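Below is one structure, written out as structure tokens; comments come after it.
Nothing in this text is a laboratory measurement; each read-out follows from the coordinates by a stated rule. Predicted model only: the values in this text are computed from it and were never measured. Positions of Cβ are backbone-derived with ideal geometry, glycine not excepted, and every protein chain shown enters the neighbour counts.
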């Protein structure tokens, strides 16, 4: 059994949103992703998918994308990304998966998952832009969701905690993770030239890793 992470699949099997407009490396990336995934992930493994899972606007339009994810080996833990407009309540998403036989997909929000003695916590995160009232409100809400995820994990008394975000963590998220003894943080969102901005490696006792699929050449990153 192994644990992997990958982010920003940006699937559009049920919509017309081709990713090759963002670079030649995105041409037919679904086939490359499928092959790389099947080469390294087994059915008993777990894969964290750190947001921007589907371009669909509504949950019912994401069915083909979810079916593609479900067909891949392993159990998948999905977080929300900034383009996941289909994301709704946990009940509606869990009902959707159950009704459509999507039995390898779960969602990470205000909760946690255990991998052995390791707790997987997380949320979408946020990047402050203009710093107005609405911007600060969303940032504060995402910090609170990460706290709720940490609180959820306490009952499981994990030996260590890792965090899955979509946005790269800012100083507030880094401080909150340090406060709760997080050892590893995996995040996405950055593409193309933005890869140069990625924090990769150790910083204040936390290991950081960018897992955007184009950064990984469409191969899930093995955590442990």
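The requirement of being over 13 Å from residue 120 (Cα atoms) and in a loop (DSSP other than H, G, I, E, B) is satisfied by residue 214.
Among residues of region 21-38 being without any contact (Cβ under 8 Å) to a residue 24 or more places away in the chain and in a helix (DSSP H, G or I), the one that is farthest from residue 221 (Cα to Cα) is 21. Considering region 64-75, the residues that are free of Cβ contacts under 8 Å to residues at least 60 places away in the same chain and in a loop (DSSP other than H, G, I, E, B) include one that is farthest from residue 129 (Cα to Cα), namely 73.
The listed residues are 3, 11, and the only one of them that is closer than 16 Å to residue 78 by Cβ and out of contact with any helix residue (DSSP H, G or I) (no Cβ under 8 Å at 6 or more places or on another chain) turns out to be 3. Scanning region 16-52 for residues that are farther than 26 Å from residue 112 by Cα and surrounded by fewer than 11 Cβ atoms within 10 Å (Cβ to Cβ) yields 16, 21, 24, 28, 31, 39.
Just one of the numbered conditions (1) under 21 Å from residue 108 (Cα atoms); (2) surrounded by 18 or more Cβ atoms within 10 Å (Cβ to Cβ); (3) free of Cβ contacts under 8 Å to residues at least 40 places away in the same chain is not true of residue 161: (3).
Table: residues versus (1) under 30 Å from residue 155 (Cα atoms); (2) free of Cβ contacts under 8 Å to residues at least 60 places away in the same chain; (3) buried (at least 16 other Cβ atoms within 10 Å of the Cβ); (4) in contact with a helix residue (DSSP H, G or I) (Cβ under 6 Å, 6 or more places away or on another chain).
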| site | (1), (2), (3), (4) |
| --- | --- |
| 55 | no, yes, yes, no |
| 62 | no, yes, yes, no |
| 77 | yes, no, yes, no |
| 80 | yes, no, yes, no |
| 87 | yes, yes, yes, no |
| 92 | yes, yes, no, no |
| 107 | yes, yes, yes, yes |
| 117 | yes, yes, no, no |
| 120 | yes, no, yes, no |
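For region 192-218, a tally of residues being touching a helix residue (DSSP H, G or I) at 6+ places or on another chain (Cβ under 8 Å), farther than 21 Å from residue 27 by Cα and surrounded by 13 or more Cβ atoms within 10 Å (Cβ to Cβ) returns 3.
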